[in-house]
Amino acid sequence: MVGLIALVVVLVLLGIAALWAAGVYNGLIRLRNLVQEAWRQIDVELTRRHDLIPNLVETVRAYAAHEAQALEAVVAARASAAAPGVPVPAQAVAEGALSSALGRLYAVAESYPALKANQNFLALQTELTETEDRVAAGRRFYNANVRELNTRIESFPSNLFARAFTVTRADYFEVVDAVARQVPAVRFDRPAAPAPAVVPPGYEPPAR
């Protein structure tokens, strides 16, 4: 009788352990799938962004064809960002470079009132802004899931299951705009002009 009870206890404990292990494994797979799904949503918006840019470039070219440097920079950055099979960190760098190139192109457009008033240019600019807003929202959701997945993978005992079932860390998608991160230049070649003296009302200098 005692042996039977001991066997039942062992079986119950094994069942509990199996359920716990399944829960840990399923949690890891759920997080991995969430990360992958979140990235697919970002990829859809990035593809839309890349598809809008050629029309934007041609619209600007019609009004400012001689602004070749700004136009070519956008075309080159777009080609790099739209390259297939790029890892997430490299994609983030390429998207940051594309954002910088677009920012310079928008600055060029400020010098052309007819271009700024062009309905096609305004529509494309609006669509790109809305797309970038959706990318930013998707990036926050993606990175939150990446953080949770990576924490699980690095924590005991779920790290043992991650290693056993080859569930690996995911990369964050962090776009950095190079222009926004530039440090302003400070010049020291000329001394600053002294501040003008403040003279109180009614003040008269002393007689010499």
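The values are calculated or read from the model by the stated rules, or taken from the named source; none is laboratory data. From a predicted model like this one, the values you see are computed outputs, not experimental measurements. We place every Cβ from the backbone using ideal geometry, glycine too, and count neighbours over all the protein chains shown.
For the stretch 131-159, the tally of residues that are touching a helix residue (DSSP H, G or I) at 6+ places or on another chain (Cβ under 9 Å) and either closer than 16 Å to residue 22 by Cα or among the basic types (Lys, Arg) (or both) stands at 7.
Pick out the one residue from 176, 108 that is under 24 Å from the mean Cα position of the chain (by Cα) and either among the aromatic types (Phe, Trp, Tyr) or surrounded by 13 or more Cβ atoms within 10 Å (Cβ to Cβ) (or both). Sole residue among the options that is under 24 Å from the mean Cα position of the chain (by Cα) and either among the aromatic types (Phe, Trp, Tyr) or surrounded by 13 or more Cβ atoms within 10 Å (Cβ to Cβ) (or both): 176. Using the structure shown, decide if residue 62 is among the small types (Gly, Ala, Ser) and either closer than 25 Å to residue 80 by Cβ or not in a helix (DSSP H, G or I) (or both). So residue 62 passes the test.
Determine if the stretch 13-22 includes at least one residue that is touching a residue at least 12 places away in the same chain (Cβ under 8 Å), of a type outside the set (Asp, Glu) and part of a helix (DSSP H, G or I). I'd like the intermediate steps shown before the answer.
In the first step, residues of the stretch 13-22 are kept if they are touching a residue at least 12 places away in the same chain (Cβ under 8 Å); the result is 21.
Subsequent filtering for residues that are of a type outside the set (Asp, Glu) retains 21.
Filter again for part of a helix (DSSP H, G or I), leaving 21.
Taking every residue of the stretch 13-22 in turn, at least one turns out to be touching a residue at least 12 places away in the same chain (Cβ under 8 Å), of a type outside the set (Asp, Glu) and part of a helix (DSSP H, G or I).
Scan the stretch 11-27 and give yes if some residue there is among the aromatic types (Phe, Trp, Tyr), surrounded by fewer than 16 Cβ atoms within 10 Å (Cβ to Cβ) and either farther than 27 Å from residue 144 by Cα or modelled with pLDDT under 95 (or both), otherwise no. Yes, that holds for at least one residue.
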